[in-house]
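Student: Once you've had a glance at the structure underneath, I'll fire off some questions.
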Amino acid sequence: MGFEIRSLWDVLALIAIVVAAAPWFGRYLGRVYMDRPLAGDTILTPIESAIYRALGTSPRVSMRAKEYMYALLGVNLALLAFLFLFLLLQSALPGDPTGAPGMGAYLAFHSAASFTTNTNFTHFTNESQLSLASLTVAWPVALFVSPATGLAAAAAAVRGFVRRDGTLGNFYVDLVRSITRLLLPLSVVFALAMVFLGVPETLTAYVIAHPITGGLQTIYLGPVASFQSISLLGSNGAGFYTANMASPLANPSAVSDLFATFVMMLIPFSAPFAFGTMVRRRGEAWPYAVTILIVFGIALGLFIAYQAAANPFLSGIGGLSPQVGGYPVGQDVRFSLPEGSLFQVASVYGNVGANNMQIGALSPIAQLVLLFGMFTQSTPGGVGTGFGMLLLFGVLAIFVGGLMVGRTPEYLGKKVGTGQVRWAALALLVHPALILIPTAIAFLGGFVSLAGLSPGAAAHTFTSVLYEFTSESANNGSALSTAQFTDTTKFFNIAGAVVMLLGRFVPIWAMLKVSELFARQEALPPGPGTLRTTSATYTLYLVLFLVIVTALIFLPVMALGPLAQIVGGH
């Protein structure tokens, strides 16, 4: 127990480091998307200019929402097609030393949609169903393009608050700069650090080991450090190994676990400060930054508290057992409870989706905590799109608050009208629709059965299905495994792919439309009735608005899942 308490200081120290680094790094992010002079311009600017010429575009060409979205969809549809064909035909392509077969069409569609949408929710086993080329060539393309797409969309959404001509920037320029100025250099630095911490980096596909228990063991290898680096940095969450960050090869020690947590938190926690830099009002960053910290901090505290307590609700659930020996079931003993919990909460709340513990064996309240993070998608949410969703929460909060006190709702000198509210509401409401409708179809259509299960096991199975579609709709990628149903069927492959694609691109389209409506307005000076959005009062209001709206939408379904597990566990 002393070790567990002492490790809390590691957790608090890491959070303090992230909070200290976020304003500085956020200003760098803002300068990237404002096209301001940066270190490395001498080398990178000519390279970027050559790419723009090859794409037939220029930084001087600025797009409206429809043009920006068409360009974004074109790139991502091309990525989707490339991945689908590569996975379908991987056994016939070079780079398959382990003899992995080509994927079936439905699994390839789900996997391609998953990689394209920054979800990386897998219905396959990496070691046996992916060729080395798929793992080191095809998939890594998506690991860069998908987070760069999210960053570009967020940058365009922010520009609407400072522009007056209705344009939002150039998608191709934003995409390229996201990769050259952020994702590529940072992933290289972080990969080198991971190698130093013991993560393998090699082009060798596998080695044969001779365990002391006898026999032979195949240990799969590859460029693990570079794969995990961009996966964590870009909110991809994909694991080089099926066990993800619970694998001792991908995550050898508590130090590597803490470092990986820092990598996941860096960009999402810095996004509010990039916003403040881009709108030239740095004080506007703090309400969003503090909102993220409050919700994240409460979630982490609840997660640790309920995981530290004995969990009697796992009895009667196939493949699981109650907590024994004072240590949570499903957690790797290499990490203390606070360290493992910080990683898991940061991963799910940051829409990374990497796992270092078995989510299906968590306390029901801990599962609820993780689900809530995916329900909000914004505390801090995934790279780019997470802050975009938080900004939409802010727009709605300002609109409702203005109506409550009889003021004309406005933000940063621009009026919040019904058009912005409609698009913002669409982005927030499509998420529960994409969760609840397929969950209902899964049970009513007989794709998952609760017949013959105990009340506790039935509630656990319902939670597993709910978690699956929540993770896919939020483009999260974490999974709540269960012995009661399999998600590798035709239904779950097709439904999951559709949910991921709609859950990714409908909110982005809504963000761009809201931004375009703001970009058509002239900014007005603040008046006596202008809401002070840099105040502590507004920050508290934003926190309560986000939490209450999310709870009202999702609390009823929670009663059928995690909360019902508690009742069914007695």
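The values are calculated or read from the model by the stated rules, or taken from the named source; none is laboratory data. These numbers were taken from a predicted model, which means no experiment stands behind them. Cβ coordinates were reconstructed from backbone atoms using ideal geometry, including for glycine residues, and neighbour counts include every protein chain displayed.
Student: What number goes with the only condition from (1) within 26 Å of V19 (Cα to Cα); (2) in contact with a Leu (Cβ under 8 Å, 6 or more places away or on another chain); (3) not charged (D, E, K, R) that G388 does not pass?
Tutor: It is condition (2) that G388 fails.
Student: Please report, ordered by residue number, the helices (runs of 4 or more DSSP H) entirely within the range 33-139 with at least 3 residues that are within 30 Å of V162 (Cα to Cα).
Tutor: Output list reads 41-55, 65-88.
Student: Got a sec? Which of L197, L184 is touching a residue at least 24 places away in the same chain (Cβ under 8 Å), under 30 Å from T149 (Cβ atoms) and within 20 Å of the chain's Cα centre (by Cα)?
Tutor: L184
Student: Something else: Give, as residue ranges, the helices (runs of 4 or more DSSP H) completely inside the range 458-570 that count at least 3 residues that are closer than 15 Å to I435 by Cα and in contact (Cβ under 8 Å) with a residue 60 or more places away in the chain.
Tutor: It comes to 490-519, 536-558.
Student: Okay, next question. Determine which single condition V19 fails, assuming it passes every other condition in (1) aliphatic (A, V, I, L, M); (2) crowded, with 17+ Cβ neighbours inside 10 Å; (3) closer than 24 Å to S178 by Cβ.
Tutor: Unmet for V19, out of (1) aliphatic (A, V, I, L, M); (2) crowded, with 17+ Cβ neighbours inside 10 Å; (3) closer than 24 Å to S178 by Cβ: (2).
Student: Please state which one of A397, A433, A424 is small (G, A, S), more than 24 Å from P272 (Cα to Cα), at pLDDT 95 or above and assigned to a helix (DSSP H, G or I).
Tutor: A433
Student: Follow-up. Being touching a helix residue (DSSP H, G or I) at 6+ places or on another chain (Cβ under 8 Å) and of a type in the set (K, R) is the filter here, so list the residues in the range 268-299 that pass it.
Tutor: Passing the criteria: only R282.
Student: Regarding I548, is this residue closer than 30 Å to A440 by Cβ and touching a helix residue (DSSP H, G or I) at 6+ places or on another chain (Cβ under 7 Å)?
Tutor: no
Student: Are any residues in the range 232-284 assigned to a loop (DSSP other than H, G, I, E, B) and crowded, with 24+ Cβ neighbours inside 10 Å, and if so, which ones?
Tutor: Selection gives G234, S235, N236, G237, A238, G239, F240, A250, N251.
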